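This report concerns only the one structure given below.
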Amino acid sequence: MLKKIINRFFVVLGALFTLLLLLAMTSVPFYMHYNLGNDPNHEFDTIEAFEPQHVIMMGGAGMPSASNLMRLYYTAGLAITYDCPVTIALPYDSVCHAEMDRFLENQGVLSEIFHDTIGTNTRSQVLGLAEYYPELLDTKIVVVTSPEHLRRTIKCFNKAGFQEVRGMAAYEGTVDFNLSIKEQIVEGNEEIPSVESTRLRYTFWNYLKLEIDTFREYIALFYYRIKGWI
């Protein structure tokens, strides 16, 4: 009996792994990730028409880190364009907060920078903002976070009573040059053929990573939904 259960368990794991590999050969992971990065309330509206009065950045990892630097880059652009204050939601870390302030100032942000250190997850951070910055409940705010977190984050703000909230996903820029290795000097074993396909060299692996991010986020959305947080 136990052997049969173990066999079925590994069959299911194998089937799931095969499915992930097959999906990575398609554009499905890209569109799943893209869908998570859309503002669920204002998918077709523009930030320019909204004219935000406050920018809230949901903190990522440490500083410097890829997630924080990407979010800070977009936050700085919004704060400068609309000359509005910034609030960074991130658990307290004196070095991290000081480095983030310095980054924004170096980018040219002249407006006030606040820090919300309440909470260690999206739900508790949003509740902390609602409690300690109640004036934001009726203020036009733009929330900056990573693309895969945007949908869940905006829904948390809606659930907490924020009336005027928009989201901006901190997407990475894409390269616009030829990645082919044809006619390049790469040397190596001449008996082994060169892999020209960028889909095999880059896209397939990038989509595998996107699958991890998106499936983890869909599970988080399901958990937040059954908890009544969104």
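The values are calculated or read from the model by the stated rules, or taken from the named source; none is laboratory data. Please read all numbers here as calculations on a predicted model, not as lab measurements. Here the Cβ positions follow ideal geometry from the backbone for every residue, glycine too, while neighbour counts run over all protein chains shown. When the accessible area is computed, the model is the full protein with side chains, heavy atoms only, and any ligands, DNA or RNA have been set aside. Shrake-Rupley method; radii C 1.70, N 1.55, O 1.52, S 1.80 Å.
Points to keep in mind about this one:
- Any hit, region 85-102, residues being out of contact with any Lys or Arg (no Cβ under 8 Å at 6 or more places or on another chain), surrounded by fewer than 12 Cβ atoms within 10 Å (Cβ to Cβ) and of a type in the set (S, T, N, Q): yes
- Some residue of region 132-144 being free of Cβ contacts under 8 Å to residues at least 60 places away in the same chain and part of a loop (DSSP other than H, G, I, E, B): yes
- Criterion applied to Arg123, Arg152 was being among the basic types (Lys, Arg), part of a helix (DSSP H, G or I) and open to solvent by 30 Å² or more (accessible area, probe 1.4 Å), and the one residue passing it is Arg123.
- Checked against the criterion of being under 19 Å from Thr117 (Cα atoms) and either at pLDDT below 70 or among the charged types (D, E, K, R) (or both), region 157-169 has no qualifying residue.
- Inclusion of Asp116 among residues that are farther than 13 Å from Phe157 by Cβ, within 22 Å of the chain's Cα centre (by Cα) and either surrounded by 15 or more Cβ atoms within 10 Å (Cβ to Cβ) or touching a residue at least 24 places away in the same chain (Cβ under 8 Å) (or both) is not warranted.
- Filter result for Tyr224 (in a helix (DSSP H, G or I), at pLDDT 90 or above, surrounded by 12 or more Cβ atoms within 10 Å (Cβ to Cβ) and not charged (D, E, K, R)): yes
- Scan region 36-62 for residues that are surrounded by 13 or more Cβ atoms within 10 Å (Cβ to Cβ) and out of contact with any Cys (no Cβ under 7 Å at 6 or more places or on another chain) and the total you get is 14.
- Residues satisfying the stated conditions in region 157-175, i.e. part of a helix (DSSP H, G or I) and surrounded by 23 or more Cβ atoms within 10 Å (Cβ to Cβ): Phe157
- Lone unmet requirement of (1) open to solvent by less than 100 Å² (accessible area, probe 1.4 Å); (2) modelled with pLDDT under 90; (3) of a type in the set (A, V, I, L, M) for Ile185: (1)
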